[in-house]
1. Take the alpha-carbon centre of the range 23-51, take the same for the range 52-68, and report the distance between them in whole Å.
2. Return the lysines within reach of residue 193: Cα separation strictly under 27 angstrom, same-chain partners fewer than 8 residues apart disregarded; answer none if there are no such residues.
3. Of 184, 208, 223, which is farthest along the charge dipole of the range 167-224 in the positive direction, counting Lys and Arg as +1 and Asp and Glu as -1 at C-beta?
4. Just to confirm, what accessible area per residue do you get for the chain at 1.4 Å probe, in whole Å²?
5. Under 18 Å between alpha carbons, and skipping anything fewer than 8 positions from residue 115 in its own chain: which lysines qualify?
6. Taking 0.36 nm per intervening residue step and subtracting the Cα-Cα distance, what contour gain separates residue 155 from residue 2 on full extension?
7. If you take the beta carbon distance between residue 14 and residue 69 as r and set R0 to 30 Å, what does 1/(1 + (r/R0)^6) give as a FRET efficiency, to the nearest 0.05?
8. Please compute the Kirkwood hydrodynamic radius over the range 47-108, one decimal place, Å, based on all pairs of different Cα atoms.
Amino acid sequence: MRIDIITVSPELIKSPFEYSIIKRSIDKNLVEVHFHDLREYAINDYGKIDDYQFGGGAGMVLLIEPIDKCITKLKSERTYDEIIYLTPDALTLNQKTANFLSLKKNLLILCGHYKGVDHRVRELFITKEISIGDYVLSGGELGAAVLCDAIIRLIPGVLGDESSALSDSFQDNLLSPPVYTRPAEYKGLEVPKILLSGNFPKIDEWRNDQAMERTKKIRPDLLED
Ligand code: ADE
């Protein structure tokens, strides 16, 4: 998979790609990530990429022209399966969307900034709009990092144990059951006996029951789908 990210703050978004599972997936050539600094497409020599909004109101809006130039250049080099805009006024990211996007070959991600982008960018280029939650961040960069992490860990070969992505919370609309490791007893707190029993069908059953119970208690909305 190849992911291109257009941003006004490349330095802000780069570091999550330099550690742990994501870095290893890049080192193993399972994914390529390229950052594009929107300022390189500025409309003047002073690096202008934003302006006040028509109609008045606080906050700067990213201009259509630099974004058009950048997206048009990238689109001339390859075909994108999706052109994604990170913004709070969109459907919220969930596991289903991450699964869907993890099957794609080329993704282009545009990070919003300040008050957002000229709406015509969304009408002209964007095929998918994603929010990472009902709160407002200073820009789309952290959202893009979250989205990429959720997608990349699903690509075959990225996780050592392939089944572990499938047993994540949300893969079947259920929260994960609790997990434990050594020691079996700590300051009087004991690990549930069933997990030490070696009876794997029973352990599976216990995990399913726990997942259902926790989902009912913490996220009953997941069971409504
Ligand atoms: N940009 C600002 N807030 C955001 C959010 N909640 N999700 C995605 N992009 C954003």
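1. Centre-to-centre (Cα) distance: 20 Å.
2. Qualifying lysines at Cα under 27 Å: 202, 216, 217.
3. Towards the positive end, the residue furthest out is 184.
4. Values: 13570 Å² over 225 residues.
On a per-residue basis, 60 Å².
5. Excluding near neighbours in sequence, the set is 48.
6. Working: separation 153, 0.36 × 153 = 55.08 nm, distance 1.16 nm.
The residue 155-residue 2 span can extend by a further 53.9 nm.
7. Numbers: r = 22 Å, r/R0 = 0.74.
With a Förster radius of 30 Å, E is 0.85.
8. Numbers: mean 1/r = 0.0698 Å⁻¹.
Value: 14.3 Å, from the Cα pair sum.
The values are calculated or read from the model by the stated rules, or taken from the named source; none is laboratory data. It should be emphasised that the depicted structure is a prediction, and the values quoted were computed from it without experimental measurement. Cβ sites come from the backbone with ideal geometry, for glycine too, and all protein chains shown count toward neighbours. Protein only, heavy atoms only, side chains kept; ligands, DNA and RNA dropped before computing areas. Shrake-Rupley method; radii C 1.70, N 1.55, O 1.52, S 1.80 Å.
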